[in-house]
Amino acid sequence: MAELRIEQWWLKLPTRHKQWFRENLRADVVDPDAAAAVYEAGGPDLKETTLPEEDWEFIETQSEFVD
């Protein structure tokens, strides 16, 4: 299955995990529960990495508009 773009998987992410990303903007390490939720929603596997810069930019500037 192809990985979804953040605009697609963000909608499926539970609110508590969205809040974690907003509160920990550009974190070098992603909380394991948040990482698992992203993967389950169709996003990237973040076990040993973080989001790419363009995804962080989406979270910072646009994420609340699509909640």
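The values are calculated or read from the model by the stated rules, or taken from the named source; none is laboratory data. Just so it is clear, the structure is predicted and the values come from calculations on it, not from any experiment. Please note: Cβ atoms are built from the backbone with ideal geometry, for glycine as well, and neighbour counts cover all protein chains shown. Side chains are part of the model used for accessible areas, which takes the heavy atoms of the whole protein and leaves out ligands, DNA and RNA. Shrake-Rupley method; radii C 1.70, N 1.55, O 1.52, S 1.80 Å.
Taking GluC sites (Glu not before Pro) in DSSP loop states with no more than 15 other Cβ atoms inside 10 Å as exposed sites, the chain has its longest site-free stretch at 4-47.
With helices as the sole contributors, the chain gives -12000 deg cm²/dmol at 222 nm; each DSSP H run of n ≥ 4 counts as -39500 (n - 2.57), and the sum is divided by every residue. Accessible area per residue for the chain, computed on protein heavy atoms with a 1.4 Å probe, is 67 Å². Here region 1-56 exposes an accessible surface that is 48 percent carbon and sulfur, computed with a 1.4 Å probe and the other protein chains kept in place.
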